[in-house]
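Accompanying notes for the structure given below.
The values are calculated or read from the model by the stated rules, or taken from the named source; none is laboratory data. Model, not experiment: these values are computed from the prediction. Don't worry about glycine lacking a Cβ; one is built from the backbone with ideal geometry, like all the others, and counts go over all protein chains shown.
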Amino acid sequence: MPMLLVVETSTRGQMSVSRALTERFVSNWQNAYPLGQVVTRDLAKETLPHVTLPWLSAYFTPPHAHTEKMQDQLRLSDALVAELLGADELVIATPVYNYNIPASLKAWVDHIVRKGLTLGFDGRGLVTGKKATIIASGGIHGENSPIAHLNYAPQYLRSILNIIGITEVDLIHGEGAKAVDLGDATMADFVEAFVPKLDRSTAA
């Protein structure tokens with residue numbers, strides 16, 4: 001039974017463009033895999049702690065030497081890694097804040113990039129045989145855009161996924177999402193414009 005891990009980040013609820021796009025993606029995926037399981041990690045509802053000195057001390061200590069306190073420090077990270085490794089497919093949905101990902105998503109990245117678990121000690125990615133889709137909403141970064149060079153968020157996420165071994169990565173970039181906030185487009189119409197890309201990305 002295939003498993004899809006959905007990582008949500010937007011705090012905007014029903015007003016979120018990235019969530020609306022992801023809802024269509026998940027619906028498509030469920031149609032393609034009716035027996036599949038969808039697991040959602042909503043970072044807007046569950047705040048992940050950022051990396052601290054005690055966490056790093058546990059991280060850099062060999063597992064056989066972990067104290068009980070060190071095990072406690074890494075317990076959530078271990079669970080997040082297991083969740084990722086157990087998935088057949090991953091979708092990361094994110095708004096773009098100041099040209100980059102939200103702090104909540106960066107915290108998730110820091111927890112799942114783990115030497116010996118998702119990243120080999122030789123730098124080789126260990127999370128192989130999986131597909132990922134990045135669904136981002138934000139400004140317009142096309143070839144002729146004056147801010148094309150500032151399109152950091154999807155580039156960063158793609159790089160991180162590649163580093164841990166996920167090389168099959170689709171990008172659905174909801175550019176111009178402000179049109180929905182300004183009332184120049186309805187949410188339904190905005191999502192409809194990306195349906196062909198969403199359909200292709202979830203094709204079985």
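Pairs meeting the criteria (first residue in segment 140-155 and in contact (Cβ under 8 Å) with a residue 12 or more places away in the chain, second residue β-branched (Val, Ile, Thr) and not in a loop (DSSP other than H, G, I, E, B), beta carbons under 8 Å, at least 6 apart or on different chains) are 153/94; 154/134.
Okay, residues lined up against (1) in a helix (DSSP H, G or I); (2) over 24 Å from residue 120 (Cα atoms); (3) at pLDDT 95 or above:
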position	(1), (2), (3)
26	yes, yes, yes
31	yes, yes, no
39	no, yes, yes
47	no, yes, no
55	yes, no, yes
72	yes, no, yes
81	yes, no, yes
84	yes, no, yes
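Here is a yes/no grid of residues against (1) surrounded by fewer than 15 Cβ atoms within 10 Å (Cβ to Cβ); (2) on the phi < 0 side of the Ramachandran plot; (3) not in a helix (DSSP H, G or I):
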residue: 153; (1), (2), (3): no, yes, no
residue: 159; (1), (2), (3): yes, yes, no
residue: 162; (1), (2), (3): yes, yes, no
residue: 169; (1), (2), (3): no, yes, yes
residue: 172; (1), (2), (3): no, yes, yes
residue: 180; (1), (2), (3): no, yes, no
residue: 188; (1), (2), (3): yes, yes, no
residue: 196; (1), (2), (3): yes, yes, no
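Taking segment 162-192 as the search range and keeping residues that are under 16 Å from residue 92 (Cα atoms) and small (Gly, Ala, Ser), which one is modelled with the lowest pLDDT? Within segment 162-192, the match that is modelled with the lowest pLDDT is 174. Scanning segment 96-126 for residues that are under 14 Å from the mean Cα position of the chain (by Cα) and at pLDDT 95 or above yields a count of 13. For the subset of segment 129-151 comprising residues that are among the hydrophobic types (A, V, I, L, M, F, W, C) and under 20 Å from residue 25 (Cβ atoms), which member is surrounded by the most Cβ atoms within 10 Å (Cβ to Cβ)? Applying the filter and picking the extreme gives 135. Among residues of segment 15-30 being touching a residue at least 24 places away in the same chain (Cβ under 8 Å) and polar (S, T, N, Q), the one that is surrounded by the most Cβ atoms within 10 Å (Cβ to Cβ) is 22.
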